[in-house]
Amino acid sequence: MQQITEPSTSKQIVAKRSIWKDIFRDKYLYLLFLPGAILLFVFKYMPLYGVAIAFQDFNIFAGVSGSEWVGFDHFIRLFQTPDFKQVLWNTLVISFYKLVASFIFPIILSLLLNEVRHSLFKRVTQSIIYLPHFISWVIFAGIITAFLNPVDGLFNYILKLLGNEPIDFLGSTEYFRAVLVSTDIYKGVGWGTIIYLAAISGVNPELYEAAIMDGANRFRRMWHITLPAIRPVITILVILSLGGILNAGFQQIYLLYSPLVYDVGDVIDTYVYREGIQSANYSFATAAGLFQSVIAVILIVVANRMARKFGDGGLW
């Protein structure tokens, strides 16, 4: 029996020594990694202790350890609340629109920019589309509000010049979702384009040269060479986007919406904020947030398995 266990034990010892040897060799890289790991642990993993209040009748004075346990009562109440059903539907609809838009537009724009041969025009265009990504939603929402103001906003000024009545875009249930999706596209399309252009730059130029020799036009080269080459990157970004399908964008919606558009614009994040912070229903709001997180994890795992099944790789 001793002869059977000794080889495995020696292999484990060698593996441990090899790991510590690698860590010592790359110690400076691990030191660079350490601040990010600490921040991740402090702000992402330590707060998980507070998830327990979703199963309690939380009392702020008694704390987590002293509050009464109620099990899944808050989850049952959550699914029986009529408002939550509408909030969940709004979240799914808005997130789906944003997911499709963030998937299509950056790919199209990166393909078009890759075909531009005038370097000055290409650089100026890239700077213009990248700039909104680095502007906070607070500032960007102020710009949007100024442009869409029904009294003196630029868009309504143009409508008046064309003989039309002004429209309250941010106060209309008919237009509010379109405003959310279009502004999200404008703000985020530049970042997605950066990623796809970086992936495109790694495509072997000889493939394009061979396609040109075979008489393929630009559209054929994009369709048969560029898109298949960046498909793994597209797959990974789609998987990550699916994980946030119940995260419709708290900052954007909170800064732009009002009670007039709650029916079409109220999402889980804003609902949790109102219930948890403004109404002090901490346990109920935590249950809603935990439900959102669990669904996100399930979607990421399912999407990753599907991607690996179809041979496009995955996150792990």
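The values are calculated or read from the model by the stated rules, or taken from the named source; none is laboratory data. Fair warning: this is a prediction, and the values are worked out from it, not measured in the lab. All Cβ positions, glycine included, derive from the backbone under ideal geometry; neighbour counts span all protein chains shown.
Looking for whichever is part of a helix (DSSP H, G or I), over 24 Å from Gly192 (Cβ atoms) and not hydroxyl-bearing (Ser, Thr, Tyr) here; the options are Leu299, Leu290, Leu237. Which one fits?
Only one candidate qualifies: Leu290.
Residues Leu111, Leu120: which one is over 19 Å from Val267 (Cα atoms), touching a helix residue (DSSP H, G or I) at 6+ places or on another chain (Cβ under 6 Å) and of a type in the set (A, V, I, L, M)? When all the criteria are applied, what remains is Leu111. For the residues Ile53, Ile104, the requirement of being of a type outside the set (Gly, Ala, Ser), in a helix (DSSP H, G or I) and surrounded by fewer than 16 Cβ atoms within 10 Å (Cβ to Cβ) singles out Ile104. Regarding Ile185, is this residue assigned to a helix (DSSP H, G or I) and modelled with pLDDT of 85 or more? Considered against the rule, which asks whether it is assigned to a helix (DSSP H, G or I) and modelled with pLDDT of 85 or more, Ile185 comes out as yes.
Scoring Asn114 on the criteria (1) surrounded by fewer than 16 Cβ atoms within 10 Å (Cβ to Cβ); (2) touching a residue at least 12 places away in the same chain (Cβ under 8 Å) leaves a single failure, condition (1). For the stretch 161-180, the tally of residues that are buried (at least 16 other Cβ atoms within 10 Å of the Cβ) and in a helix (DSSP H, G or I) stands at 6. Looking only at the stretch 189-212, which residues are part of a helix (DSSP H, G or I), within 26 Å of the chain's Cα centre (by Cα) and either without any contact (Cβ under 8 Å) to a residue 12 or more places away in the chain or under 11 Å from Ile225 (Cα atoms) (or both)? Those that are part of a helix (DSSP H, G or I), within 26 Å of the chain's Cα centre (by Cα) and either without any contact (Cβ under 8 Å) to a residue 12 or more places away in the chain or under 11 Å from Ile225 (Cα atoms) (or both): Ala198, Ile200.
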